[in-house]
Amino acid sequence: MKRIAPMRTSRKPENTVPLINVVFLMLIFFLVAGTLAPAPDSDVDFITLAATDPASPPDMLFVRADGTLTWRGEALPTSDHVLRWQGLQQDGSDPRPLRIAADRALPAIDLLDTIDDLRRAGIDRIVLIAERAPE
């Protein structure tokens, strides 16, 4: 009986070009997404807490050490900030909380007074943003 050797099929090498394309597109996406977010106010030195959410939203209200309120770099009175926040709300959905980042040098009583002013102006959901303490 004669044995017939099985035919050997050569495998084509795997093409890595689609993988490189996907990685390249992800790189471009993250470069663009990182540049679209506005930079935080450079005059604010964040409060430090033990545990926080590290994500900082772009529409955050900053409170400087002297009590000045800034939003996207503009210093405006409380009433103007409230109007801007109300303009960002989506109709028919749950209201988004107003996120505040206060300077570490701001006295706590001044921060509480600012929050009370915002609550009296009609903002009922306020979130205080802080920086995670270095370990």
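Each value in this text was obtained by applying a stated rule to the coordinates, not by laboratory testing. Bear in mind that the values here come from a model prediction, so they are computed numbers and not experimental data. Note that each Cβ is placed from the backbone with ideal geometry, even for glycine, and that neighbours are counted across all protein chains shown.
Just a few scattered comments:
- Exposure proxy order (Cβ contacts within 10 Å, fewest to most) of LEU76, LEU19, LEU118: LEU19, LEU76, LEU118
- Around the amide H of LEU76, modelled in the peptide plane, lie the amide H atoms of LEU69, TRP71, all under 5 Å away and 5 or more residues distant in sequence or on another chain.
- Gained length - LEU88 relative to PHE24, 0.36 nm times residue gap less alpha-carbon distance: 19.7 nm
- Ordered by the number of other Cβ atoms lying within 10 Å of each residue's own Cβ, fewest first, GLU14, GLU74 fall into the sequence GLU14, GLU74.
- Among THR78, THR16, the ranking by other beta carbons within 10 Å of each residue's beta carbon, starting with the fewest, stands as THR16, THR78.
- Residues with amide H under 5 Å from that of ILE126, placed H, sequence gap 5 or more: LEU98
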